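The values are calculated or read from the model by the stated rules, or taken from the named source; none is laboratory data. Quick caveat, the model's predicted, so the values are computed rather than measured. Here Cβ is always computed from backbone atoms with ideal geometry, including for glycine, and neighbour counts include all displayed protein chains. SASA here: full protein model, heavy atoms, side chains in, ligands and nucleic acids out. Shrake-Rupley method; radii C 1.70, N 1.55, O 1.52, S 1.80 Å.
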Amino acid sequence: MPVTLNMNMAMPSWFDIVGLSPDSQEDEPGIKQAAENVKALIEQEVKNGIPSHRIILGGFSQGPISGVNRDISILQCHGDCDPLVPLMFGSLTVEKLKTLVNPANVTFKTYEGMMHSSCQQEMMDIKQFIDKLLPPVD
C-alpha cells in the first residue's frame, strides 16, 4: 500500500505511517482495519483446524497487532542502532504493552549494533521463544 512516510510509494504495510515522532498523526482507521484483518486471518486458521492456542503472531517494524488476551506472551526485539525507529520508541512500546497484558509475559530484548533489520542472535531468541510457547505436537 502507499505509505506517506515512504513518499507515498507502495511498500508492505498494515497501515499508513505519516511520521516517526511521538506526536505524528496516526492512521487510526488503518490500524483498526489491520486489527480486523489479523482477526480474520486467525479465525480462518481456526476454521482450518489449527487450535487457537497454537497460533503465534509475528511482525517486523509495524509488528503484530493484538490485544485480545491479557495472558498473551510477547517478545519484542529492537536494535540499539536503529535509525528508522529509535530504541526509545521500542522502550515506550514495551511499557505500553505491559499496561495491556500481563507485564510478566512481556520480554524486551535489544541487540547491540543492530539497525532496522534482524540478526542471528535475534532469530535464535525468536526460535527459543516459539519453542517455549509451542511444544512439538505428538
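Under 16 Å Cα-Cα from Lys32, which aspartates and glutamates qualify once same-chain neighbours fewer than 8 residues away are excluded?
Asp16
Could you state how much accessible area Thr99 has, in square angstrom rounded to the nearest 10, with a 1.4 Å probe and all protein chains kept in place?
90 Å²
Below 16 Å, Cα to Cα, which lysines can Lys39 reach? Residues fewer than 8 away in the same chain don't count.
Lys47
Which whole-number percent gives the relative contact order of the range 80-121, counting Cα pairs below 8 Å spaced six or more residues apart?
Computed over the range 80-121, the figure is 60 percent.
Using the heavy atoms of the protein chains alone and a 1.4 angstrom probe, what is the accessible area of the chain per residue in square angstrom?
70 Å²
Once ligands and nucleic acids are excluded and a 1.4 Å probe is used, how much of Ser52 is accessible, expressed in Å² to the nearest 10?
The accessible area comes out at roughly 80 Å².
Order Leu133, Leu75 by their accessible area, 1.4 angstrom probe, all chains in place, largest first.
Sorted by accessible area, descending: Leu133, Leu75.
On the accessible surface of the range 9-138, probed at 1.4 Å, how many percent belong to carbon and sulfur atoms?
The value for the range 9-138 is 57 percent carbon and sulfur by accessible area.
Rounded to the nearest 0.05, what FRET efficiency do Gln33 and Asp138 have when you use their Cβ-Cβ distance and R0 = 30 Å?
For Gln33 and Asp138, the calculated efficiency is 0.20.
Among [x] 18.5, 59; [y] 15.9, 49; [z] 32.2, 103, which is the computed Rg and Dmax of the Cα atoms in Å?
From the options [x] 18.5, 59; [y] 15.9, 49; [z] 32.2, 103, the structure gives [y].
Summing -39500 (n - 2.57) over the DSSP H runs of n ≥ 4 in the chain and dividing by its residue number, what mean residue ellipticity at 222 nm do you reach, to the nearest 500 deg cm²/dmol?
Rounded to the nearest 500, the figure is -11500 deg cm²/dmol.
Give me the net charge of Gly30's neighbourhood, meaning all other residues with Cβ under 14 Å from the Cβ of Gly30; Lys, Arg count +1, Asp, Glu -1.
Counting the neighbours of Gly30, the net charge comes to -4.
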